[in-house]
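Here is the structure we will look at.
The values are calculated or read from the model by the stated rules, or taken from the named source; none is laboratory data. What you are looking at is a predicted structure, and each value in this text was computed from that prediction instead of being measured. We place every Cβ from the backbone using ideal geometry, glycine too, and count neighbours over all the protein chains shown.
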Amino acid sequence: MSNDPGGRASVRPDSHEALPPIEAVKLRHPWRWLISFLLIAWVVLFIVDASHREAYDWSAYGKYVFDQRISKAALVTLQLTVYSMLLAVVLGVLLAVMRLSPNPVFKTVSWVYIWIFRGTPVYVQLVFWGLLATIYPSISVGIPGVTNLFDLPTTASFSLFWLAVIGLGLNEAAYMAEIVRSGLLSVDRGQDEAAKALGMSWSLTMRRIVLPQAMRIIIPPTGNEVISMLKTTSLVTAVPVATDLYTRSRDISSETFNPIPLLLVASTWYLFFTSILMVVQYFLEKRFARGHTQFAAAGDEGGLPEADVETLSEASPHD
Amino acid sequence: MTDATTTVPMVQAERVMKSFGSHVVLRDISLTVNRGEVMCLVGPSGSGKSTFLRCINHLEQVNAGRLLVDGRLVGYREKHDKLYELKPREAAEQRRDVGMVFQRFNLFPHLTALENVIEAPIHVNGHSKAHATERGKALLDRVGLANKADSYPAHLSGGQQQRVAIARALAMEPKLMLFDEPTSALDPELVGEVLDVMRGLASVGMTMIVVTHEMGFAREVADSLVFMDNGVVVEEGDPAEVINNPQHKRTQAFLSKVL
Ligand SMILES: Nc1ncnc2c1ncn2[C@@H]1O[C@H](COP(=O)(O)OP(=O)(O)OP(=O)(O)O)[C@@H](O)[C@H]1O
Ligand SMILES: [Mg+2]
């Protein structure tokens, strides 16, 4: 708006010749350069030093990093992580939905579950699972005092590996439930109403409308949880399971009296898995950001919407 | 259609009451909307307009009185002079026949315009994807958005989003459309395109209840205008009559503010 004297509107001449682009001297960042240089120099010095340092014993590292026992143990750690996280996610979604459901019984059950499993250390829980066979030598399935369908001998039915998966998964489910719940709560209530108004049932609304939107909020902390689970698996020695990556590499080093290279070996494998998980997380985040402005889909120009109302056809609304 | 069904009003409210806890929002609402009629509902903020619309769609349960849509009691089943609450599945079935358009559009942001429109026909009505897509495209064309089928809501203007929302509601082939201030969240220059779509709907005989402050629209399109205040119907009648010659003081005061 121009400030014409007299306040009259003025019409600008309609010629817009392109001006030459601005050629200014770019802002310099000398401090960035200096700090980068110092950091790089320090890292190079550290690496050169480490490559000669005897305590790292790189020849032992090379010998063990692809050792059969180690790679098998790495696989066990990966399996523990994947299975227990699967259990945790499924149970966590269930607990979160129960917690938010209008049913007071579900709400209470979910609350109590989270209270117990989040409120006690996972190490203690794992010890308990290891003692399951001692506490309950056999597990009966049926209606108490009416019928007994069958008896499961605990030791024979549950291997220590699966007890570890159950222990880790049930503990993690309490955390996942809270993550999923905050994701569900982040979805606008209007979404729920719009779905209801279209005649969608509660479960359909959850599955098709609310959960897919909640995923955007749920995935980043879940990625965190997976990575943290990868490392928590080193506690399964409490069950006891001794075949995971950390316990196995510690056992080997107690034979060779050379712990440092084996710690490096274990760290390498943990880091390798973590990196893969980060890549997976990146793609999942992208997938569930559909329709969210930050990840604008290519080819969908978000330009100015044009006025494009056409007259309605004469067709009846019930055609 | 038999005579009996044609004479049953689309919406019939008899002394409807609704409160949240001790807060009475609808005191005593009685009104009738016949088939093919457009009713505009106006009133000050907090007078209960949205709540009334939500009751018609059973997003809220009325506390007293009778509310019938197409001759069926909303939210209850009547048997031997006793009312039984509907099961969630039956309530969802009732809602299918009533389309609703919200002030804030409430499009599903993770779905494209077309996916928004075909979501309920596929997953609620069980239509095939091909059939739903064909109809969805026709509906988007009808609201003037054929070229925006693959856009996500975030990439559409408010007016375009609201038109997609209307197409989404129409996809369920509703008998009745409820509009809750459909243009209140829009920039002034986008209001017209949404009103045009609604005008088109009215002209093909859709029964509509519209909460709006667009008096020009009410005067031109509506068959009746209802002024609500504090949970009661204060004045009701022919739109031009009520707007030009309001009888009640509260109506006069309200109209002098919005006109
Ligand atoms: N779920 C609810 N719980 C408690 N109070 C509610 C609820 N929904 C609405 N109210 C109250 O009911 C009253 C009427 O609300 P309503 O939204 O129906 O008004 P309105 O006429 O649509 O107003 P506006 O023009 O601002 O949209 C308000 O005082 C509001 O606070
Ligand atoms: Mg309202």
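Comparison of B:ARG72, B:ARG35, B:ARG54 shows that the only residue that is within 12 Å of the chain's Cα centre (by Cα) and at negative phi is B:ARG54. Taken over segment B:74-95, the criterion of being away from chain A (no Cβ under 11 Å), buried (at least 16 other Cβ atoms within 10 Å of the Cβ) and not hydrophobic (A, V, I, L, M, F, W, C) is satisfied by B:GLY75, B:TYR76.
Number of residues in segment B:38-73 that are more than 10 Å from ligand 1 (Cβ to nearest atom), within 14 Å of another protein chain (Cβ to nearest Cβ) and not in a strand (DSSP E or B): the value is 5.
Restricted to helices (runs of 4 or more DSSP H) entirely inside segment A:121-227, those with at least 2 residues that are within 14 Å of another protein chain (Cβ to nearest Cβ) are A:160-186, A:189-197.
Every condition in (1) within 14 Å of chain B (Cβ to nearest Cβ); (2) of a type in the set (Gly, Ala, Ser); (3) outside any helix (DSSP H, G or I) is met by A:ALA242 except one, and the failing one is (1). Would you confirm whether or not segment B:102-111 contains a residue that is more than 9 Å from chain A (Cβ to nearest Cβ), crowded, with 16+ Cβ neighbours inside 10 Å, more than 22 Å from B:VAL226 (Cβ to Cβ) and not charged (D, E, K, R)? No, segment B:102-111 contains no residue that is more than 9 Å from chain A (Cβ to nearest Cβ), crowded, with 16+ Cβ neighbours inside 10 Å, more than 22 Å from B:VAL226 (Cβ to Cβ) and not charged (D, E, K, R). Scanning segment B:199-217 for residues being outside any loop (DSSP other than H, G, I, E, B), more than 14 Å from every other protein chain (Cβ to nearest Cβ) and within 16 Å of ligand 2 (Cβ to nearest atom) gives a total of 2.
The residues of segment B:145-164 that are touching a residue at least 12 places away in the same chain (Cβ under 8 Å) and over 19 Å from B:PRO188 (Cα atoms), listed by number, are B:LEU145, B:LYS148, B:ALA149, B:ASP150, B:SER151, B:TYR152, B:PRO153, B:ALA154.
Looking across B:ALA185, B:ALA149, B:ALA132, one residue alone is small (Gly, Ala, Ser), more than 19 Å from B:ALA222 (Cα to Cα) and within 16 Å of ligand 2 (Cβ to nearest atom). It is B:ALA185. Among the residues of this structure, B:VAL194 counts as one that is surrounded by 24 or more Cβ atoms within 10 Å (Cβ to Cβ), within 24 Å of B:THR51 (Cβ to Cβ) and either at pLDDT below 95 or more than 8 Å from chain A (Cβ to nearest Cβ) (or both). Is it the case that A:TRP202 is within 30 Å of A:THR243 (Cα to Cα), surrounded by 13 or more Cβ atoms within 10 Å (Cβ to Cβ) and aromatic (Phe, Trp, Tyr)? No, not satisfied.
Of the residues making up segment B:13-22, at least one is within 14 Å of ligand 2 (Cβ to nearest atom), touching a Leu at 6+ places or on another chain (Cβ under 7 Å) and not small (Gly, Ala, Ser).
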